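Here is the structure we will look at, set down as structure tokens.
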There are 2 protein chains.
Amino acid sequence: MNLNQSFLYAGIEAGGTKFVCTVASGPDDVRAQVSFPTTSPEETLRKAIGFFKAHEPFAAMGIGTFGPCDLDPASPTYGHITSTPKLGWTQVNMLGIFRQTFAVPIGFDTDVNVAALGESKWGAGQGLDTVIYLTIGTGIGGGGVLNGQRMHGLIHPEMGHIRLPRVSNTDEFDGICPYHGDCLQGLASGPAMEARWGKSPAELPPEHPAWQIEARYLALGVSNFIFILSPHRIILGGGVMHQKHLFPLIRAEVKRLMNGYLQSPMILERIDEYIVPPGLGDRSGILGAIALAKHTAKKS
Amino acid sequence: MNLNQSFLYAGIEAGGTKFVCTVASGPDDVRAQVSFPTTSPEETLRKAIGFFKAHEPFAAMGIGTFGPCDLDPASPTYGHITSTPKLGWTQVNMLGIFRQTFAVPIGFDTDVNVAALGESKWGAGQGLDTVIYLTIGTGIGGGGVLNGQRMHGLIHPEMGHIRLPRVSNTDEFDGICPYHGDCLQGLASGPAMEARWGKSPAELPPEHPAWQIEARYLALGVSNFIFILSPHRIILGGGVMHQKHLFPLIRAEVKRLMNGYLQSPMILERIDEYIVPPGLGDRSGILGAIALAKHTAKKS
């Protein structure tokens, strides 16, 4: 297939709260976009299919989905949502439903791997071969492009579920993860903040002590990700990170936790360029889906 | 270059305690091997060079080294040991010293990435594209082959330095990491066990309560690595893991910590095949160095 800039691609950011669907050739040429709440699979997928039917033709499709999901092309349940707590979505064959309707190559991956891909191609990760993208919002999730390839393996990363020490002996909040209690997501997601303080993150003023604690938990997570993955850059997105005052707090705490062990100028001198907001703002996921579609078209 | 099984390769496992040097064509055809303590760089590297001079010719060389070290081929200090606490070794140009003497392609990587490569090629990781190798001994380190490629990024993984929760409220051991105190290495390396119990791991009988605590810290580390990296298999090597009774304790604790969240048969039903000792025993590192040499010859 001879690809040029005028080819159009379909992208889906399938989130636990809302779906975004786009037809575009790239970040500067979005032809149509729609978003709607994630309700039942029937209603939600019908709306998505209707939108794309109205905007054919396109050369390929990319789907970035909430999870857990099956990313193994050799598996009989490839493209399914698997063990999600989200009502009605367990074992929904998301990829299959779009494959039945659209006769184009379709790429399928987690929302965070797809956002990492989008940031790698057009955002804060351009030119770097190892980039991590975290979302801190309704949940905490992480994905990445390592050595230029998305992170898969046995299932896919579920970075929000790592265990961390408490930031103080007096922190007795139990955490809200139904599986792990006080994992990173259980302690530091938006709903965890709300459970701890009785207010949503958007209602807590920047001087509230909640933010110091939030920054310390996120920094513990980020420093563990650095020790394990050694990324060239870490991108922090999602609703909670709209609170931009979190960035300097997190960076200072990561430096303190590292304590000079990793002798890289990026950490020691230029941490402002190392731990950053998404270059694509809130569009990392949906533009990542377009990037995945392009990549899938090229491979097929 | 036309490679066949009769080509010989040089391998170096440069550990903080000892060096192992081998000339071999593969795991079943080791022609010569020597090992000696790691003392000053001058003495140690002179011995290694002497050994390889006596066993020329070989087609390529592979070096797996203790670190931290510089793995970026574009860096002016590529191939150097960087900020090691090991006396006299800071900024030693290890790769350069061998390049000056031997006119063959030389591959250079961390000891644990090289051990992961060896296990991928000839050991417990054969046929899997995402494999993690951890050593639990004098220190704790981890490396991996992800999507078939060794883990590099900004520097290289330093997995032993992640922070973890304490396994009980009454555990008041401070940890011995000079940088981080109670990181994984500070709490669960061989010297950490010795500092905590006043005896080396080899002197502690299997029924000693030390092992339950050790298994719980290692399981916290392993479960964080699984959530972040999603490997197809995790291989645990190093001196402390010679205590084979640790394996069932770690596996049971990892299952408890995961709490059914990752719905993979490898974790839910076959964890005995998921968290395993090295297939190459204590030879993962040195045979990995031979694998790296072969790989480097092929690329050049």
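Straight Cα distances below 20 angstrom link residue A:244 to the aspartates and glutamates A:119, A:194, A:203, A:207, A:214, A:253, A:272, A:273, A:282, with same-chain residues fewer than 8 positions distant left out. Nearest-5 percent of antiparallel DSSP beta bridges in chain B? Bridges in chain B that DSSP calls antiparallel: roughly 60 percent.
Here is the list for the range B:42-130: trypsin sites (Lys or Arg not before Pro) lying in DSSP coil, each with at most 16 other C-beta atoms within 10 angstrom of its C-beta, are B:86. Placing A:272, B:29, A:129, A:171 in order of accessible area, with the largest value first and a 1.4 Å probe, yields A:272, A:129, B:29, A:171. Simple point charges give the picture: +1 on the Cβ of Lys and Arg, -1 on the Cβ of Asp and Glu, and for the range A:3-110 a dipole about the Cα centre of about 260 debye. Measuring with a 1.4 angstrom probe and ignoring ligands and nucleic acids, residue A:151 comes out at about 10 Å² accessible.
When you filter the GluC sites (Glu not before Pro) in the range B:158-241 for DSSP loop state and at most 16 other Cβ atoms inside 10 Å of their Cβ, you are left with B:172, B:207. Annotation: residue B:101 carries an accessible surface of approximately 50 Å², with a 1.4 Å probe and no ligand, DNA or RNA atoms counted.
Only the Cβ atoms of Lys and Arg (+1) and of Asp and Glu (-1) were treated as charged; on that basis the dipole of chain A about its Cα centre amounts to roughly 480 debye. Checking the cross-link pairs A:121/A:199; A:294/B:299; A:47/A:294 against a 27 Å limit on the alpha carbon distance flags A:121/A:199; A:294/B:299 as lying beyond it.
Taking every residue in B:204-212 and counting other chain Cβ atoms within 10 Å of its Cβ, the average works out to 0. Once the Cα atoms are used to define both axes, helix B:284-299 deviates from the longest principal axis of chain B by about 50 degrees. Counting Cβ atoms of other protein chains within 10 Å of each Cβ in B:217-225 and taking the mean gives 3. Of the chymotrypsin sites (Phe, Trp or Tyr not before Pro) in the range B:204-300, not one is in a loop by DSSP (not H, G, I, E or B) with at most 10 other beta carbons within 10 Å. Helix A:41-54 and the long axis of chain A differ in direction by around 60°, with both axes built from C-alpha atoms. Each of B:118, B:89, B:108 was placed along the dipole of the range B:49-122 (beta-carbon charges, centred on the mean Cα), and the one lying farthest toward the positive end is B:89. For the range B:78-109 versus the range A:45-102, the inter-centroid distance based on Cα atoms is 49 Å.
Each residue was assigned an accessible area with a 1.4 Å probe, and for residue A:242 the value is about 100 Å². Solvent-accessible area of the protein assembly as shown (1.4 angstrom probe, protein heavy atoms only): carbon and sulfur portion equals 51 percent.
Most simply put, the protein assembly as shown has about 60% antiparallel DSSP beta bridges, counting only bridges with both residues inside it.
Shielding by partners for peptide A:55-66, expressed as the average number of C-beta atoms from other protein chains within 10 Å of each residue's C-beta, is 0. Ordering B:225, B:195, B:176 by the projection of their Cα atoms onto the charge dipole of the range B:160-227, which places +1 on the Cβ of Lys and Arg and -1 on the Cβ of Asp and Glu, puts B:225 at the extreme positive end. Count the DSSP beta bridges whose two residues both fall in the range B:3-110, then state the antiparallel fraction as a percent rounded to the nearest 5. Here the antiparallel bridges make up roughly 60 percent for the range B:3-110. Just to confirm the number: angle between the C-alpha axis of helix B:111-122 and the first principal axis of chain B, 0 to 90 degrees, nearest 10? With both axes taken from Cα atoms, the answer is about 80 degrees.
The values are calculated or read from the model by the stated rules, or taken from the named source; none is laboratory data. Just so it is clear, the structure is predicted and the values come from calculations on it, not from any experiment. Because the Cβ atoms are built from the backbone with ideal geometry, glycine has one as well, and the counts that use them run over all protein chains shown. Note: accessible area is taken over every heavy atom of the protein model, side chains too, but ligands, DNA and RNA are not part of it. Shrake-Rupley method; radii C 1.70, N 1.55, O 1.52, S 1.80 Å.
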